[in-house]
Protein chains: 2
Amino acid sequence: MKIPRSHPRYESLVRREQLVRAWKEGIVAPEGLIAHGRGEAWDYLFGEGTSAPALVAERAAAAYLVSARRPVISVNGNVAALGGRDVVQLAKAIPARIEVNLFHRSEDRVKRIVRLLERFGAKDVLGLRPNARIPGLASRRALSHREGIFSADVVLVPLEDGDRAEALARMKKTVISIDLNPLSRTSQRSTIPVVDELSRALKNIEKFVKELRSDPKEVARLRRGYARADNLRAVYSFLQWRLDRLRRGVPARSRPGRKRASLRKT
Amino acid sequence: MKIPRSHPRYESLVRREQLVRAWKEGIVAPEGLIAHGRGEAWDYLFGEGTSAPALVAERAAAAYLVSARRPVISVNGNVAALGGRDVVQLAKAIPARIEVNLFHRSEDRVKRIVRLLERFGAKDVLGLRPNARIPGLASRRALSHREGIFSADVVLVPLEDGDRAEALARMKKTVISIDLNPLSRTSQRSTIPVVDELSRALKNIEKFVKELRSDPKEVARLRRGYARADNLRAVYSFLQWRLDRLRRGVPARSRPGRKRASLRKT
């Protein structure tokens, strides 16, 4: 189905098609489709744009990533399908290693994801031969690489499962999550919860990384200044403001240069 | 995977497994998995329980169904998978006809769903040999039965697509939707939007149908008294109250007799 660019929810519908395609190619698990739907609903509530508090968290995330000794980006099926190219660009900008980590792990799916990332220009992607275990996680979900997530000081975990985010935080790593649900266990347990859509978040963080690479003073200031609890509170306030607008019948989203969005099925 | 009954989000996780199973059996479309995820996120926000305004809408829905001349319940893949048994019970209680209507229609999937409903005791399920078209809908999405939805005066459309809900409303039918998103086009365009989880809504409506069957005076009172706009406003207010609680760290949900729910991944 061809979606017209003028459609008020163009990006969201393109993402949905991208994901179904990746699922047909064996990159995304069926549970990944359900998880994506949850993200769609949240993003709809947020107006399908980056909120001001999300931008603050993304800038703090960039500061932690550029000053890390061993930064690693964790990639699962949904991340590869919806932000594979963005992950590779961000990894180059930092620079950081990439490790494929699947909740519903199969060797076949790991291989497909590694190949996809390599097609986007990634090098030395980890994930195929795990040689360490994250403590406190059951079975195959604990698998990791000593050169990757296991020894990382800063881990970026987009669309992560709550158990893993929590286990990584227990290992005293700086855990940066990207998750549209501010109430999820992932957002609750990570060091820097970025409450934004995957691809928007990755692109913003990359932009900030490039700005901050040559500005250690600003990096230090951002690291000191970021206040997790205040930031999450600002996210909730933003959501309440959105709900109030929606209740009063203000269009679900309106962006400059766009057609007024009518109230659409999520 | 065995989910322990004590899990604070037991019902939601069981539903998810049910749906993935039905998808493997060819009853649910991949897009149905994504749609379910959206529902999960909304239900999480609602606290995974029926709100007071939803209960009011369910009672009004029951009043319209028992007093209908030709009531019909529309069933798609997700409805069959998650509420097949409830639909059949409700259809018997009214009594109403059942018609299978798929957004991503395939003859094979219609057959599987009809068989599933028959296994739950349904008789004369429509959907396999459509002989009419709903005006204003493209291609196969318009297909319907003259003895079913096409001539119905009251249609119950659980988890319906916005285009179809709108087209049915244009035909001057009383359209009762069940949809957890109060902002969806389906909720916006239906005559009686029930903003509640499918299975809870079906069970509640069935209970009310049984109470109202022998009480025409109360039925008339409910039909007069139901105010759509006020009811939706009450739903939004409820959501804002929930968000405020969540923001202040009150548990995501707490029901009598249950373990306190911790903040969980949606």
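Just one of the listed residues (A:ARG228, A:ARG221, A:ARG213) is of a type outside the set (A, V, I, L, M) and touching a Ser or Thr at 6+ places or on another chain (Cβ under 8 Å), namely A:ARG228.
Can you pull out the residues in segment B:190-242 that are modelled with pLDDT of 95 or more, closer than 30 Å to B:ARG16 by Cα and among the charged types (D, E, K, R)? Residues satisfying the conditions are B:ASP196, B:GLU197, B:ARG200, B:LYS203, B:GLU206, B:LYS207, B:LYS210.
For A:LEU183, state whether it is of a type outside the set (Lys, Arg), open to solvent by 10 Å² or more (accessible area, probe 1.4 Å) and within 14 Å of chain B (Cβ to nearest Cβ). No; evaluated as a whole, the condition is false for this residue. Within this structure, B:ARG69 passes the test of being more than 30 Å from A:SER139 (Cα to Cα), open to solvent by 20 Å² or more (accessible area, probe 1.4 Å) and basic (Lys, Arg).
Looking only at segment A:134-160, which residues are open to solvent by less than 20 Å² (accessible area, probe 1.4 Å) and either within 11 Å of another protein chain (Cβ to nearest Cβ) or not small (Gly, Ala, Ser) (or both)?
A:ILE134, A:HIS145, A:ILE149, A:VAL154, A:VAL155, A:LEU156, A:VAL157, A:PRO158, A:GLU160
When you scan segment A:130-164, how many residues do you find that are within 15 Å of the chain's Cα centre (by Cα) and modelled with pLDDT of 95 or more?
6
When B:ASP215, B:ASP163 are checked against the criterion of being more than 17 Å from B:SER74 (Cα to Cα) and open to solvent by 20 Å² or more (accessible area, probe 1.4 Å), a single residue qualifies: B:ASP215.
Determine, yes or no, whether B:LEU82 is of a type in the set (A, V, I, L, M, F, W, C), in contact with a helix residue (DSSP H, G or I) (Cβ under 8 Å, 6 or more places away or on another chain) and either surrounded by fewer than 22 Cβ atoms within 10 Å (Cβ to Cβ) or under 18 Å from B:THR186 (Cβ atoms) (or both).
When the stated conditions are applied, B:LEU82 passes them.
Taken residue by residue, segment A:50-60 has at least one member that is within 14 Å of another protein chain (Cβ to nearest Cβ), in contact (Cβ under 8 Å) with a residue 24 or more places away in the chain and open to solvent by 10 Å² or more (accessible area, probe 1.4 Å). Pick from A:ILE27, A:ILE34: which is over 28 Å from B:SER184 (Cα atoms) and either open to solvent by less than 40 Å² (accessible area, probe 1.4 Å) or within 13 Å of chain B (Cβ to nearest Cβ) (or both)? Going through A:ILE27, A:ILE34 in turn, just one is over 28 Å from B:SER184 (Cα atoms) and either open to solvent by less than 40 Å² (accessible area, probe 1.4 Å) or within 13 Å of chain B (Cβ to nearest Cβ) (or both): A:ILE27.
Every residue in segment A:3-24 that is open to solvent by less than 20 Å² (accessible area, probe 1.4 Å), closer than 18 Å to B:SER184 by Cβ and either more than 18 Å from the chain's Cα centre (by Cα) or of a type in the set (Asp, Glu) (or both), please. Explain how you work it out, then say what you get.
Going residue by residue through segment A:3-24, those that are open to solvent by less than 20 Å² (accessible area, probe 1.4 Å) are A:8-9, A:12, A:19-20, A:22.
Checking which are closer than 18 Å to B:SER184 by Cβ leaves us with A:8-9, A:12.
Across segment A:3-24, the qualifying residues are A:PRO8, A:ARG9.
The values are calculated or read from the model by the stated rules, or taken from the named source; none is laboratory data. Note that the structure is predicted; figures quoted are calculated from it, not measured. As a convention, Cβ positions derive from the backbone with ideal geometry for all residues, glycine included, and neighbour counts pool all protein chains shown. Keep in mind that these areas ignore ligands, DNA and RNA; they rest on the heavy atoms of the full protein, side chains included. Shrake-Rupley method; radii C 1.70, N 1.55, O 1.52, S 1.80 Å.
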